[in-house]
Every structure is written in structure tokens, then in C-alpha cells.
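What follows is one structure encoded as C-alpha cells, with my remarks underneath.
The values are calculated or read from the model by the stated rules, or taken from the named source; none is laboratory data. On a predicted model such as this, the values are computed, not experimentally measured, just so you know. Here the Cβ positions follow ideal geometry from the backbone for every residue, glycine too, while neighbour counts run over all protein chains shown. SASA here: full protein model, heavy atoms, side chains in, ligands and nucleic acids out. Shrake-Rupley method; radii C 1.70, N 1.55, O 1.52, S 1.80 Å.
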Amino acid sequence: MDLKSSESSAVVLSNIDFSWGFSPDSFRFGITHFDVSRGESNILVAPSGAGKSTLLGIICGTLKPQSGKTTVLGQNLEDYGDGVRDRFRADHMGIIFQQFNLLPYLSAIDNVLLPLNFSVSRKRACGSTPAQCYMEAERLLDALEIDTKTLAKKKAAELSIGQQQRVAAARAFIGAPQLIIADEPTSSLDEAVQSKFMDQLFLQHKETGSTLIMVSHDSRITQYFDTVTRLEEIVV
């Protein structure tokens, strides 16, 4: 999908109302307004169960609110069907899932290359040949301290949790998507590994010029971000 807007905002949520069900005790999630500028790093902080992952699902287009407007990179996601939203997400978003979602039987480097199978534009951003794409995957893994001569060739299931997390980050950055979404990516890391992961994550964020939106319950990592948003301040 071609982008049609040069607006300064990467993400704008307006009058969002989302519910998982229709009974009075169903989880309901509402946001009057939420705006993230292009190139900005924004962390949303809230305790577990507050709706952080729901918010990311709405931004990614995997969840559709009952009402309201979700504008991502100039596109109103509610205007499109599932297939178009899927293509838009593949072309323009890199996602670091809380559980990583690596394919355990593929090597680390093949997991990093996987998004290029679903996006011509991201594949083109890496180069015109498979060799150039492979080199870009190696560069990202090296930057995140995954040894491309040994670890990158191991199956994802054979890597440590910290290594899997960095592979997931490299996969999100491959092809320089405009928007990086990270769902609690440091939740299973100890403090030393967490610090190193955040340093490398932000190095890649700055190099690509992407917009970074992360959710976390850990307020210790807010120092890295341009903007800190407390989820309780924007939900209704």
C-alpha cells in the first residue's frame, strides 16, 4: 500500500472504543486521543493486565475497535479489510513480540530474513539480490551481538532467551520499516542484559530513523525514550 500523507504523526488514535465482549464485566478499552510523532521513541508504561498489548494490537491493525479512528503513517486502518491491513503491517511495521514468535526450527538468520518473504518494499530496501539481503541480516545480528559465524546458524530453539530476544529485534529492523512496535521486550532479561539490549535497540532505531513504540511495566527503562506515556493518563 502506498503512503498518501506527509503528516508529522506516525500514529494517531482518536475516540477509540474497544471491548473483548458485550457483557457488563467484559474488558473495555477506550482512548480519546493518543499521538506519536514520526521518528519519536515513546514508551507506554502500565501494570500487567491494563491493556498495553490491546493498544498495540489496535495500532498494528490486528484488533479492530468498535468505534474510533486509528491512523498509522497517514492511513486510516478502519478503512481497510484484513488483507490490506496485513500487507500494510508487513510493509511498514517491525514487531518485537513479547514471546518473540521465532520459528524454532529455522536458524537465527533465517528468522531475521523471514519478513522479506512478505514485503517487496522491505526486501528492496535491503538490496536487489538475496546475497545483499543476507548481508543486511548479518549486519543487524552483528550489531545486536549475535555472532554470525556461530549463533546465527543455530536453530532459534537452541538459543538462550536473551539471544532469541535480540534475534527478534533484528527481524523487526530488517528492511528498515517506518514503525517499530515492541511488546514488553525486556520482561525476561536480567538488568545487565536488559541494559545492553536497550542500547543496541536504540542504536538501530536511530540508524533507521524509525518511530519506536514500546509498552512495558518496567519504569526503569523510561530513561531511553523521548516520551513517556502513562497508560492510565490516556485511557477512559
### Task
Could you pull out the chymotrypsin sites (Phe, Trp or Tyr not before Pro) across region 68-167 that fall in loop regions by DSSP (anything but H, G, I, E, B) with no more than 11 other Cβ atoms inside 10 Å?
Tyr105
### Contour excess over end-to-end distance, with Cα ends at Ser128 and Tyr80 and 0.36 nm allotted per residue
14.3 nm
### Summary
Projected onto the charge dipole of the chain (unit charges on the beta-carbon of Lys, Arg, Asp and Glu, signs +1, +1, -1, -1), the Cα from Val120, Leu77, Gln99 with the largest positive-side position is that of Val120
### Query
Roughly how many Å² is the accessible area per residue of the chain, as a whole number, for a 1.4 Å probe?
46 Å²
### Task
Take the Cα coordinates of the chain, assign each an equal point scatterer, and use the Debye formula without solvent to give log10 I(q)/I(0) at q = 0.12 Å⁻¹.
-0.66
### Cα gyration tensor category, rounded, prolate or oblate, for region 44-155 with a/c compared to 1.5
oblate
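Can you bin region 147-190 into rounded, prolate or oblate? Criterion: square roots of the alpha carbon gyration tensor eigenvalues sorted a ≥ b ≥ c, rounded for a/c under 1.5, prolate for a/b above b/c, oblate for the rest.
oblate
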### Query
Is the shape of region 157-236 best called rounded, prolate or oblate, per the rule: a/c under 1.5 gives rounded, else a/b larger than b/c gives prolate, else oblate, with a ≥ b ≥ c the square roots of the Cα gyration tensor eigenvalues?
oblate
### Task
Collect residues whose amide H, placed 1.01 Å from N in the peptide plane, falls under 5 Å from the amide H of Ile95; neighbours closer than 5 in sequence don't count.
Ile181
### Query
In the chain, which Cys residues have no partner Cys with a Cβ closer than 4.7 Å?
Cys60
### Message
Between 0 and 90 degrees, rounded to the nearest ten: what's the tilt of helix 191-208 against the longest Cα principal axis of the chain?
### Response
90 degrees
### Query
What part of the accessible area of the chain, given as a whole %, is carbon or sulfur when the probe is 1.4 angstrom?
51 percent
### Task
Could you state the angle between the C-alpha long axis of helix 161-173 and the longest principal axis of the C-alpha atoms of the chain, as a value from 0 to 90 degrees rounded to the nearest 10?
80 degrees
### Query
To the nearest 10 degrees, how steep is helix 130-143 against the longest Cα principal axis of the chain, on a 0 to 90 scale?
80 degrees
